[in-house]
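Quick note: the coordinates plus some simple rules give every number you see, no bench work behind them. This structure is a prediction, so every number in the text was calculated from the model and none was measured. Backbone-built Cβ (ideal geometry, glycine too); neighbour counts: all protein chains shown.
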Amino acid sequence: MHMARRTLQPLDITLRHGRTYQLIRRLFLGLSVALTFGLPLWHLRVAIVEGAGLAGGSPWAPATRVLPLGAPPIVGAPTSIALFGIELVDPLAWLGVAIQRGVSLSMVWTVLPGLLLVLLLGRFFCGWACPYLPILAASNAVRWFLGRLGVPLRDVKLPRVTARVVLVGVLLGTSLVGVQLLPLVYPPAVIGREVFRGLFYGSLGAGAFVVLGAFLFDTFVSRAGFCRSLCPGGAMFSTLGALSPVRVHREPAKCTDCTICDVVCNLGQRPMTDQLDGGCERCGRCIAACPTKALTFQLKTPSALRPVTEKPGT
């Protein structure tokens, strides 16, 4: 009797090329995660020095002793951040605020840098800076380990329109009830809030269950399914990313149809058959994994992008 062949998974694949690109991407992600955890700790340090109530009772208080005494020059993270007095806001967070409170000229300047980057580089934030990425990596590691043990794993493909439905629903709900709903379901906002709560008060809130639910969904139901099909931020960045001129290009003469590039992609892009859409996060992992160097980044016009078609349940 022959054993069933184990499905190839991302952790089975070696990233052979583009090590500099991957190193820069990981350093950028590391900076994002460091800011997500480091800034609350720094503020906790300031609060302890100033004798602010519960701050001194935080279980993380001893860890703040290595930090400077003065106020940090950076405030916020990860959906809005002020760098030396210059405020930058995540386009999705900005849109939620604009729907609830209206648009002012000062608000426009805060979103322009991020908006221009997304229009130029597409859904790069998801692959370069989102603090959920380490959790997704842990989910992929669990799936790989369970696969090694022979545990059957599901990988349900939800319709891509699902994320846009979630996005519209959340924005519509914000408009109708006059309360910000995005921070309740948008992973960067949820993680930032829960990290702050955990470091300051030593406990987590309901947002931790959102993150846990996303992790379990990605692990046992659909690989990277939350990012691909449910995240409102991913839906917005994918829509804007369709205008990006930076695309993954395949040279058919070098391609051996090995499927490695398709397998390594968390977001369901199919470079092997040139089926890519605005959901590409420019992580470059497909390019790094290709054994024949058939894939590269190139500048193309938006009309050259072909949509990815998926059948639910495949």
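Odds and ends about this structure:
- Sequence-separation-based contact order of the chain, relative, with Cα cut under 8 Å and 6+ spacing, percent: 24
- Of all DSSP beta bridges in the chain, antiparallel share, percent nearest 5: 100
- Of 40, 68, 183, the one that fluctuates the most in a GNM where the chain has Cα springs shorter than 10 Å: 68
- Residue order, fewest to most surrounding Cβ atoms within 10 angstrom, among 161, 49, 190: 161, 49, 190
- Cβ-placed point charges (K, R +1; D, E -1), dipole of the chain about Cα centre in debye, nearest 20: 800
- With a Förster radius of 41 Å applied to the C-beta separation of residue 172 and residue 151, the computed FRET efficiency comes to 0.55.
- Placing unit charges on each Cβ (+1 for Lys and Arg, -1 for Asp and Glu) gives region 114-211 a dipole about its Cα centre, and among 176, 126, 198 the Cα reaching farthest toward its positive end belongs to 126.
- Of 227, 210, 167, farthest towards positive along the dipole that unit charges on Lys, Arg, Asp, Glu beta carbons give region 128-238: 227
- Residue with peak Gaussian network fluctuation, the chain [Cα springs, cutoff 10 Å], from 236, 272, 107: 107
- C-alpha center-to-center spacing [region 239-284, region 165-231] in angstrom: 27
- Across 208, 163, 189, mean-square fluctuation computed from a Gaussian network of the chain (C-alpha pairs under 10 Å connected) peaks at 208.
- Protection proxy ranking, peptides 95-104, 277-286, 240-249, average beta carbon neighbours within 10 Å, highest first: 277-286, 240-249, 95-104
- From the coordinates of this entry, Cα extents along the principal axes in Å is computed, and it appears in (1) 59, 45, 38; (2) 91, 57, 35; (3) 67, 50, 40 under the label (3).
- For region 128-238, a crude dipole built from +1 on the beta carbon of Lys and Arg and -1 on the beta carbon of Asp and Glu, taken about the Cα centre, is about 280 debye to the nearest 20.
- Only helices enter the 222 nm calculation for the chain: every DSSP H run of n ≥ 4 contributes -39,500 (n - 2.57), and dividing by all residues gives -15500 deg cm²/dmol, rounded to 500.
- Taking a straight Cα-Cα cut-off under 15 Å and skipping sequence neighbours fewer than 8 places away in the same chain, the aspartates and glutamates within cross-link reach of residue 157 are 218, 262, 310.
- Charged neighbours of residue 79, selected by a Cβ distance under 10 Å, balance to 0 (K, R count +1; D, E count -1).
- Helix axis angle, 207-220 relative to the chain longest principal axis, alpha carbon, degrees: 10
- Cα-based shape type of region 1-148, given that a ≥ b ≥ c are square roots of the gyration tensor eigenvalues and the cut on a/c is 1.5: oblate
- Mean separation of Cα pairs under 8 Å and 6 or more residues apart, divided by the residue count, gives region 128-238 a relative contact order of 40 percent.
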